[in-house]
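Please read the structure below before turning to the comments.
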Amino acid sequence: MPFTMNSNNFVPEILAPAGNLEKLKVACRYGADAVYVGGLQYGLRSGADNFDETQLKEGLRFAQRYGVKVYVTLNAFLHDQDFENLASDIESLRDWGVAALIISDPGVMTVAQRVGGVALHLSTQASCLNRSSAKLWSRLGVSRVITGRELGIMEGQKIKAATGLEVEMFIHGAMCSAYSGNCTISNYTAGRDSNRGGCKQSCRFSYKVNESSDLLPLMSSRDLNGLGLMKTWFDAGIDSLKIEGRMKSCLYVASTCKAYREGVNAVIEQRAMASWAEQALESFSNRGYTQASLATRAGSDSIAKAEDENKTKFNWVGQVIAIQGQKAWVQLKNPVFKGDRLEAITYQGPNLYLTLQEFENIEGAVIERGTQEKVVSLNWEGLEAGMIIKQAS
């Protein structure tokens with residue numbers, strides 16, 4: 001029987017990517033219930049900034065202030081030499097207050113279970129797609145299964161009902177052409193091991209079939225977007241809704257967290273979702289959207305075509321670092337010019353807009369151009385520290 005708000009007040013968790021400390025703070029401010037991060041070892045996103053010990057401890061303290069849980073990825077496929085410091089590293093993560101470890105390797109799982117004291121989540125890399133597999137992993141101490149992206153929402157519900165495990169599923173982001181991410185394309189195209197943190201996302205590139213053909217995205221999927229299925233997520237009792245993208249920008253993190261928080265709140269409050277939520281998911285580059293196999297089995301319309309791609313370039317303007325009366329101090333990430341139309345991504349409700357007229361540099365001089373990484377002040381009411389600013393479309 002489906003779970004409903006009326007029966008047990010079930011609310012799914014919004015789980016956001018945090019590729020570095022800055023993105024973790026953005027996710028916390030914009031409505032995430034939990035974030036997943038990578039350490040300097042053992043994870044699958046070596047191209048992300050990732051966290052050293054000092055940054056992780058600071059991130060944990062910041063997240064705690066917002067009531068946000070922090071999960072750490074240990075989901076690379078390890079060789080024997082990688083196990084030397086694994087147990088002591090897991091002990092440290094546990095003692096610092098990490099809420100869960102995301103693991104795919106049975107050997108790593110065994111070490112983590114022996115250390116104890118921290119929840120174990122099965123990575124999507126383990127390709128858990130059925131109840132029998134989930135029951136096996138449960139015996140190794142797993143409390144949550146992150147299913148492969150080949151599953152639909154109702155299949156996730158069946159795994160939860162049969163096992164009693166929490167179920168986490170992807171709701172947004174890049175899709176992989178390989179089965180649940182078990183891919184070796186980057187090994188051959190770039191000499192980087194996808195399953196040990198080196199994925200180059202080679203499937204997203206365009207290729208020629210022969211010398212005379214056009215460049216085409218032959219293996220690329222459209223991006224996943226499950227916002228329109230929010231009531232179904234609730235009814236199925238899916239515990240965690242995962243947003244992909246630890247290597248993506250703060251603009252992406254802010255926009256997705258805010259949109260999916262609105263989707264969750266709309267179901268809780270039994271109202272229509274605000275129109276700006278779907279619009280927010282078009283404010284950053286994407287390859288066109290698909291619901292993939294979430295509701296019905298994915299078909300040919302889930303494959304990306306060159307004309308589907310929505311590219312946005314340099315539309316992340318910067319971030320508010322301080323408020324002084326009606327003046328907002330902004331750290332620029334890309335240049336801005338007098339006359340630019342700006343959009344501030346508010347923490348709740350519709351965004352705020354401003355056509356840039358006079359603004360000042362940090363010395364108080366009036367300027368007409370602000371360059372990357374400089375700090376400028378804008379006369380703009382309604383902003384709060386930490387808000388992300390983008391160029392308005």
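This table checks each residue for (1) assigned by TED's automatic domain parsing to the domain that holds P12; (2) buried (at least 21 other Cβ atoms within 10 Å of the Cβ); (3) of a type in the set (A, V, I, L, M); (4) at pLDDT below 95.
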position	(1), (2), (3), (4)
K242	yes, yes, no, no
G245	yes, yes, no, yes
A254	yes, yes, yes, no
N265	yes, no, no, no
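For region 196-217, a residue qualifies if it is basic (K, R) and free of Cβ contacts under 8 Å to residues at least 12 places away in the same chain, and exactly one does: K208.
Out of everything in region 218-228 that is touching a residue at least 40 places away in the same chain (Cβ under 8 Å) and surrounded by fewer than 20 Cβ atoms within 10 Å (Cβ to Cβ), what residue ends up being nearest to Q279 (Cα to Cα)? So, considering only residues that are touching a residue at least 40 places away in the same chain (Cβ under 8 Å) and surrounded by fewer than 20 Cβ atoms within 10 Å (Cβ to Cβ), the one nearest to Q279 (Cα to Cα) is G228. When restricted to residues that are hydroxyl-bearing (S, T, Y) and in a loop (DSSP other than H, G, I, E, B), region 128-154 contains 2. Only one entry of Y71, Y30 meets the criterion of being farther than 21 Å from H121 by Cα and crowded, with 20+ Cβ neighbours inside 10 Å, and that entry is Y30. Screening L93 with (1) more than 23 Å from the chain's Cα centre (by Cα); (2) farther than 22 Å from L241 by Cα; (3) modelled with pLDDT of 95 or more gives one miss only, at (1).
Taking the criterion of being surrounded by fewer than 24 Cβ atoms within 10 Å (Cβ to Cβ) and either of a type in the set (D, E) or under 18 Å from D235 (Cα atoms) (or both), the only residue of region 141-150 that qualifies is E150. For region 176-192, does any single residue satisfy the condition of being part of a loop (DSSP other than H, G, I, E, B), in the same structural domain as E13 (by TED's automatic domain parsing), aliphatic (A, V, I, L, M) and in contact (Cβ under 8 Å) with a residue 24 or more places away in the chain? So far as region 176-192 goes, yes, one or more of its residues are part of a loop (DSSP other than H, G, I, E, B), in the same structural domain as E13 (by TED's automatic domain parsing), aliphatic (A, V, I, L, M) and in contact (Cβ under 8 Å) with a residue 24 or more places away in the chain. When each of V72, V26, V35 is tested for being assigned to a helix (DSSP H, G or I), touching a helix residue (DSSP H, G or I) at 6+ places or on another chain (Cβ under 9 Å), of a type in the set (V, I, T) and modelled with pLDDT of 95 or more, the lone residue that passes is V26. Residue count for region 317-352 satisfying the condition of being within 13 Å of I388 (Cα to Cα) and either assigned to a strand (DSSP E or B) or not assigned by TED's automatic domain parsing to the domain that holds G370 (or both): 16. Please verify whether A254 is in a helix (DSSP H, G or I), of a type in the set (G, A, S), under 19 Å from the mean Cα position of the chain (by Cα) and closer than 25 Å to T296 by Cα, treating the condition exactly as stated. Taking the combined requirement at face value, the residue does not satisfy it.
Contact map, region 104-128: residues that are in the same structural domain as N85 (by TED's automatic domain parsing) paired with residues that are charged (D, E, K, R) and at pLDDT below 95, Cβ distance under 8 Å, separation 6+ or inter-chain. Pairs shown: T124/R149.
For region 305-332, a residue qualifies if it is modelled with pLDDT under 95 and within 23 Å of the chain's Cα centre (by Cα), and the qualifying residues are D308, E309, N310, K311, T312, K313, F314, N315, W316. Scanning region 205-237 for residues that are farther than 30 Å from E155 by Cα and assigned to a strand (DSSP E or B) yields Y207, L216. So for region 172-192 (the condition being at pLDDT 95 or above, hydrophobic (A, V, I, L, M, F, W, C) and more than 23 Å from the chain's Cα centre (by Cα)), does at least one residue qualify? No, every residue in region 172-192 fails to be at pLDDT 95 or above, hydrophobic (A, V, I, L, M, F, W, C) and more than 23 Å from the chain's Cα centre (by Cα). Just so you know, in region 270-285 the residues that are part of a loop (DSSP other than H, G, I, E, B) and aliphatic (A, V, I, L, M) include one that is nearest to N225 (Cα to Cα), and it is L281.
Output the qualifying pairs, or none if there are none: Cβ atoms under 6 angstrom, residues six or more apart or on different chains, first residue in region 272-284 and touching a residue at least 24 places away in the same chain (Cβ under 8 Å), second residue surrounded by fewer than 20 Cβ atoms within 10 Å (Cβ to Cβ). These pairs meet every condition: M273/A266; W276/P350; F284/T312.
In region 94-126, what residues are crowded, with 19+ Cβ neighbours inside 10 Å and not hydrophobic (A, V, I, L, M, F, W, C)? Within region 94-126, S104, D105, H121, S123, T124, Q125 meet the criteria.
The values are calculated or read from the model by the stated rules, or taken from the named source; none is laboratory data. From a predicted model like this one, the values you see are computed outputs, not experimental measurements. Note: ideal-geometry Cβ built from the backbone for every residue, glycine included; neighbour counts use all protein chains shown.
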